[in-house]
Structure formats: C-alpha cells, structure tokens
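Structure record follows, encoded as structure tokens.
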Amino acid sequence: MKIYEMTNDQRIDYLIKSGNLTDEQAAFLRAGKPISQDIADSLSENQIGTFGLPYGFATDFLVNGKEYLVPMSIEEPSVVAAASNGANRVKKSGGFTVKTSPHIIYGQIVLETNSADKLEILQQNRQEIIDLATAARPSLQKRGGGVVSLTFEIIADWNEILIGVNTVDAMGANIVNSMLEAIAPHISKLTETDVLCSILSNSGKSQLVDVEAKIDFDNLATKKMPGQEVAERIVQLSQFSKHSVMRAVTQNKGIMNGIDAVLLATGNDFRAQEAAVHSFFSTESGYQPFSDWQIMDDQLVGRLKMPVEIGTVGGAIKAMPMAQLSLAIMKINNSQELQAVIGAVGLANNLSAMRALVTTGIQAGHMSLQSKSLAISAGAVGSEIAAVSKELNRTKNYNLQEATKFLQKLRNE
Ligand code: MEV
C-alpha cells in the first residue's frame, strides 16, 4: 500500500516499522496533544489556545547518500506530495548532493559616532572584547563554537562593531544577542560614546547551503511528453525567471513552500529564514530566482544556493515536543545536516512545480488534493469528506457550490 493511501494510524505504524519512531513517540503522536498548555503559555504572551496545522512527512529524500523521511507542517495540500514527487525523481538518478559550511552568525553594535580614532581604541582592546563576549556564553567553546571574528568599520554617520560567532547547532540569535549586550557597555565606556543598538544580523550569508540535483531525462517524462523535452522546457522556464521578477517570485514561493513546512515542523524561526532570503536574492541586478536549471551531459541539473538560517538545539526547538519529534523522525542531530535536508526539500518542491508547470499545469494535481479542503468547507464531516472529494475529482468541478450541492444530495440519500 502506498503511504498516501494509508490511514493516519497506519502511517504511524509504518514509521515505527521503518525505525523512524519509537513506541513512546508514536503514542505521543496518537494522543493528539502536540503542545501542553504550560509550554504554550510560556512561549507566548496573552496565550489563549494553540493553532493546529497538519503534520505529515515527505518520502524518498536521498541527501549526501543518506535516506530521510522529512516531517513537514503545512496547510497547502499539494506541498508534501510535491516534495516527495521531486525527491523520488532525484533519488532515481543518485540523490541530492549538498554542501554546507560552519554555522556563523553575525551581530552588530552601532555606535553614535563615525570616528576613526574611536575605532582605533576598539582595535587596541580587541582581545579584551572577544574575551568578554566569550565569557557571556562559556559553554559555547566546549561545544566547538565561539567568536570567530571581530571587525570595526565606519558606516555613514556611525561606527559599526561586527562580531562573527560560530553557534554550532543553535540558530544563534540568543547567543549572539547575549554576547552583544555583554560587550556593549564596555565598548561604550572605552569609546565614551552611546550605543545606538546591539542586535544580531539575519543576513544568513554565512549559512549557505549549496544543493545540486542531477536527473536523468527518463525520470522526467510524462505520458505525453518525452523526458528530454520536459527537461528543455524546465530550463527555458528557469531562464525566463531571470528576466521576470513576476515569475521569479512565484518560483521562489514554490521553493519556500517546502522550506517553511520543514522549518515549522522543526520549531525553527521561519521569519529569520524569510528575511535572510529576501536579502540574499536582492542583488545588484535586481531580485533573482533562488534556483537554476540547466542541461549538462544528458541530464537536467538543478542548483539551489541559499541561506538556511536554522538550528537543532535551544529555545523553542527544545521546548516544543513536536520539534524534537521531527528531528527524531529525520534521525538528525546537527544543524548542518538539517540545513542540507532543508535545501534538498526546497529544490525538490521546485522541480516538482516546474515539471508540472511545463507539462500538464499544476491545477490537475493541485485541485484533486484541494478537493478535501473544499469538502470540509462545504460542511462535510467524517466519511462524507472522502465521498464529496471523490465526486469533485470525478466531475472536475472544483468549487464550493458543487461541493455543497453534492453534500446535500449525499445527506438526502
Ligand atoms: C504554488 O504554491 C507554488 C507554485 O506556484 C510554484 C511555481 O510556480 O513554481 C506552483
């Protein structure tokens, strides 16, 4: 039986059998209480409830030679299907190759002066400042991280102190902000100048993933179109997106579909990720598509080089049981591995969307998955949902009126 044909319970059993869930974790999932009132209350001010999102997993991810089932949390029905579909095509041709680099986060202190002399004072006290920053998070060094750079610069009317920190597996915002606030008073004293602000940068330019996928033409063909033609059309669309911001932004949205869903499932800060990509792809030549597709040696080759600003420890990730569960399902225990998987998910979603767009269009697959949402919107419950959805898929009349009409007919019978 295919995973999408299973019931919710059968899918959980499948994850136990495949070794991705323990009995205890499965019992937690089955209990359907993803977050306790205590945790929810401690994570947000004025908390009055919790907001549920569907939680599922994408299959067939082969990333740097390791297989992954990837938990995703999202309300758009086609996203998990698209991720698995793209991943499966890449897997058949050898899988994703992803390069990552150590996890460096930058933080800025802005001084209310633009004095070269004051920068010189800071330069002379450089080591002292680094020691003070290190002392603010002593455990970081034990985990192999710490301050990796400290630079001083005049930017327009201000002096900027820029610290680079290897935060290892933590996303790093809290670590860097604590370090900055620990050194800011000392910097102010040394320079006899007011600090305007101290805060990390979400630029993400030092947390890049470089993902490559090579797909044999055979793994792209549709019933009506040979694989080589599909590949050539994907390349054309990729080229077009470099000339049209209207298209680039939609292509990128498809990539973020998958990425955001994994960020949510792993308790990561999706706002940081969104901000990082806005900045990275707003280049001197304008806003750019994140991915690029070309044909090389009779294969379609996709490349996605982008910031992935995440962590696997600390903050909300530790507090939220579902985030811990997602990392357990993926069998991931360091941030670079999670970055690699997230990059691969982005490219898989992109491949799937591009292939659909240049062949059948996306509505066929999209709407048949949306039909369940339409059924629910029409008021269907329990077994009525599948019945209404089946009828919508048969008639291809995907609208609320049709769903309501059929639901009434079903109830009258
Ligand atoms: C829909 O959520 C995402 C797509 O629009 C992406 C794309 O056009 O590449 C299908």
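The values are calculated or read from the model by the stated rules, or taken from the named source; none is laboratory data. If you're wondering where the values come from, they're calculated on a predicted model, not measured in any experiment. We place every Cβ from the backbone using ideal geometry, glycine too, and count neighbours over all the protein chains shown. SASA here: full protein model, heavy atoms, side chains in, ligands and nucleic acids out. Shrake-Rupley method; radii C 1.70, N 1.55, O 1.52, S 1.80 Å.
Annotations
- Elements of type helices (runs of 4 or more DSSP H) contained in region 218-295, each with 2 or more residues being within 30 Å of Ala323 (Cα to Cα): 245-265, 270-280
- Filter pass, Ser244 being within 15 Å of the ligand (Cβ to nearest atom), touching an Asp or Glu at 6+ places or on another chain (Cβ under 7 Å), small (Gly, Ala, Ser) and open to solvent by less than 70 Å² (accessible area, probe 1.4 Å): no
- Wholly enclosed helices (runs of 4 or more DSSP H) of region 316-380 bearing at least 2 residues within 13 Å of the chain's Cα centre (by Cα) and polar (S, T, N, Q): 335-357
- Note on region 279-297: among residues that are more than 18 Å from the chain's Cα centre (by Cα) and open to solvent by less than 30 Å² (accessible area, probe 1.4 Å), the one that is farthest from Val249 (Cα to Cα) is Trp293.
- Contact map, region 28-49: residues that are polar (S, T, N, Q) paired with residues that are surrounded by 11 or more Cβ atoms within 10 Å (Cβ to Cβ) and part of a helix (DSSP H, G or I), Cβ distance under 6 Å, separation 6+ or inter-chain. Pairs shown: Gln47/Ala40; Gln47/Asp41.
- In region 1-36, residue nearest to Ala83 (Cα to Cα) [restricted to those that are hydroxyl-bearing (Ser, Thr, Tyr) and outside any loop (DSSP other than H, G, I, E, B)]: Tyr4
- Of all the numbered requirements in (1) within 16 Å of the ligand (Cβ to nearest atom); (2) within 15 Å of the chain's Cα centre (by Cα); (3) open to solvent by less than 60 Å² (accessible area, probe 1.4 Å), Gly267 misses one, and that requirement is (1).
- For region 112-143, the set of residues classified as open to solvent by less than 30 Å² (accessible area, probe 1.4 Å) and either over 34 Å from the mean Cα position of the chain (by Cα) or in the same structural domain as Met306 (by TED's automatic domain parsing) (or both) consists of Thr113, Ser115, Leu119, Leu122, Ile129, listed by residue number.
- Listed by position, the strands (runs of 3 or more DSSP E) inside region 68-185 whose residues that are within 16 Å of the ligand (Cβ to nearest atom) and of a type outside the set (D, E, K, R) number at least 3 form an empty set.
- Test for Ile199: is it under 22 Å from Ala276 (Cβ atoms), assigned to a strand (DSSP E or B) and either under 24 Å from the mean Cα position of the chain (by Cα) or not small (Gly, Ala, Ser) (or both): yes
Residue-by-condition table, conditions (1) within 16 Å of the ligand (Cβ to nearest atom); (2) under 30 Å from Leu140 (Cα atoms); (3) open to solvent by less than 30 Å² (accessible area, probe 1.4 Å):
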{"position": "Leu325", "(1), (2), (3)": "no, yes, yes"}
{"position": "Ala328", "(1), (2), (3)": "no, yes, no"}
{"position": "Lys331", "(1), (2), (3)": "no, yes, no"}
{"position": "Gln336", "(1), (2), (3)": "no, yes, no"}
{"position": "Gln339", "(1), (2), (3)": "no, yes, yes"}
{"position": "Ala364", "(1), (2), (3)": "yes, no, no"}
{"position": "Ser373", "(1), (2), (3)": "yes, no, no"}
{"position": "Ile385", "(1), (2), (3)": "no, no, no"}
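- Test set (1) open to solvent by less than 40 Å² (accessible area, probe 1.4 Å); (2) over 16 Å from Met322 (Cα atoms) - Gln10 fails condition number: (1)
- Test result for Thr250, open to solvent by 20 Å² or more (accessible area, probe 1.4 Å), assigned by TED's automatic domain parsing to the domain that holds Ile74 and polar (S, T, N, Q): yes
- Residue check for Val345: within 16 Å of the ligand (Cβ to nearest atom), at pLDDT 95 or above, in the same structural domain as Asn252 (by TED's automatic domain parsing) and among the β-branched types (Val, Ile, Thr): yes
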